[in-house]
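The values are calculated or read from the model by the stated rules, or taken from the named source; none is laboratory data. The shown structure was predicted, so the numbers you read here are calculated from the model rather than taken from an experiment. So basically every Cβ, Gly included, is an ideal-geometry build from the backbone, and we count neighbours across all protein chains shown. Heads up: the accessible areas ignore ligands, DNA and RNA and are worked out on the full protein's heavy atoms, side chains in. Shrake-Rupley method; radii C 1.70, N 1.55, O 1.52, S 1.80 Å.
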Amino acid sequence: MLKHCFHLLGATCLAVALLAPVASAQTAPAVPATPPPAVPAAAPTAPTVPTPAAAAPTGSLDDRVQDAKADVIRLNRDLLVLEEELLFPANTQVAIFVSMDVGRLFSLDSVKIKLNDKDVSNYLYTPAEVQALHRGGVQRLYLGSLRAGSHELVAFFTGKGPHDREYKRGATVKFDKGVEPRYIELQIKDSTGKLQPEFEVKLWQ
């Protein structure tokens, strides 16, 4: 009898031992799987706003260009004056100019100048230059040097006179050159009384 009881107890323990893992598997709560750590999303990059190119200071650039041109013109003028002073000092300088008063009776083509029987200028005019003289312009025809003393100037004017005829006249003047510059003006005038052009030489000190 005692042996039978131990046999039953052993069978029972065996059954409990076999059933325990099954019960544990059925009753134990499921452990949720741990998800992999989330990788933080990169912060959104602010859109790049293109920086507008700085506007070129066109106005100031134009001003600088104009200033540079004005400086070049002034520099050229100063160099020309300096060159004239070096080549033609005041104590030897002589300048000859041409002017025209009205000019209806004479259409100028050319002017030839002799100083002391030596050709120093022979100028052929364009219609535009003649119109400029008609409007009161004065042209410097010659600039040179003469020593102090007595000199002779002869000017020849060629063009068309009244009735569209070929016209050639001359004008002569003798003058003294001192230590000061000498300025000579060749004037072309209309003589309404004679109905023909007149050519005069005026000396300026």
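Probe radius 1.4 Å, ligands and nucleic acids ignored: give me the carbon and sulfur share of the accessible area of segment 123-184 as a rounded percent.
On the way: 1920 of 3750 Å².
Result for segment 123-184: 51 percent of the exposed heavy-atom area is carbon or sulfur.
How would you order 152-165, 124-137 from highest to lowest mean count of nearby Cβ atoms within 10 Å?
Details: 152-165: 15.1, 124-137: 12.6.
Sorting 152-165, 124-137 by mean packing, highest first, produces 152-165, 124-137.
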In straight Cα distance, which aspartates and glutamates are under 20 Å from Lys160, not counting same-chain residues fewer than 8 positions off?
Asp101, Asp109, Glu129, Asp190, Glu198, Glu200
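Give me the 1.4 Å probe accessible area per residue for segment 103-181, excluding ligands and nucleic acids, in Å². All intermediate terms of the calculation are to be shown ahead of the outcome.
On the way: 4770 Å² over 79 residues.
In whole numbers, segment 103-181 has 60 Å² accessible per residue.
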Greater than 27 Å apart at Cα, pairs in Lys112/Lys189; Lys69/Lys112; Lys118/Lys194
Lys69/Lys112; Lys118/Lys194
